Amino acid sequence: MENQLAQEFHVTYFDADCGRINSEIFDSLKEAERFANRNCGTEESWAVIDAVAVGQARIAA
């Protein structure tokens with residue numbers, strides 16, 4: 001078995017409608033950016049994207 005590093009993108013954002021901080025996880029930066037942009041529609045809203053390295057186990061054939 002071989003370990004390979006991959007990346008996922010965590011979006012932490014403030015939902016002004018309900019007054020809560022939430023987070024979502026995405027596989028690509030483009031998806032994370034689109035989501036963050038959709039959730040920054042008001043002056044009170046904000047979003048932060050973090051790239052996180054994750055290990056993926058892979059079985060060598």
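Under the Karplus relation 6.51 cos²θ - 1.76 cosθ + 1.60, θ = phi - 60°, what is the ordered set of whole-Hz ³J(HN,Hα) values for the stretch 18-27, x standing for Gly and Pro?
Working through the residues one at a time gives 10, x, 10, 9, 10, 8, 9, 10, 10, 7 Hz.
Residue-wise, which Karplus ³J(HN,Hα) couplings in Hz belong to the stretch 32-41, taking 6.51 cos²θ - 1.76 cosθ + 1.60, θ = phi - 60°, and x for glycine or proline?
For the stretch 32-41, the Karplus curve yields 5, 5, 4, 4, 4, 5, 5, 8, 10, x Hz.
Per the helix-only calculation at 222 nm, which mean residue ellipticity applies to the chain, given -39500 (n - 2.57) for every DSSP H run of n ≥ 4 and division by its residues, nearest 500 deg cm²/dmol?
Using -39500 (n - 2.57) per qualifying helix, the result is -5000 deg cm²/dmol.
Order GLU24, GLU43 by their accessible area, 1.4 angstrom probe, all chains in place, largest first.
Of GLU24, GLU43, the descending order of accessible area is GLU43, GLU24.
Charges on Cβ only, +1 for Lys and Arg, -1 for Asp and Glu, centred on the Cα centroid of the chain; of TRP46, ALA6, ILE25, which one is farthest towards the dipole's positive end?
Looking along the dipole axis, the top candidate is ALA6.
Dividing the alpha-carbon Rg of the chain by 2.2 N^0.38 Å yields what?
The value comes to 1.44.
Below 8 Å between Cα atoms, with a sequence gap of 6+, how large is the relative contact order for the stretch 4-59 in percent?
That works out to 48 percent.
The values are calculated or read from the model by the stated rules, or taken from the named source; none is laboratory data. Computed from a prediction, not measured in an experiment: that's the story for all the values here. For neighbour counting, all protein chains shown are included, and Cβ atoms are generated from backbone atoms with ideal geometry for every residue, glycine included. Each accessible area value is taken on the protein alone, full model and side chains, heavy atoms only, with ligands, DNA and RNA left out. Shrake-Rupley method; radii C 1.70, N 1.55, O 1.52, S 1.80 Å.
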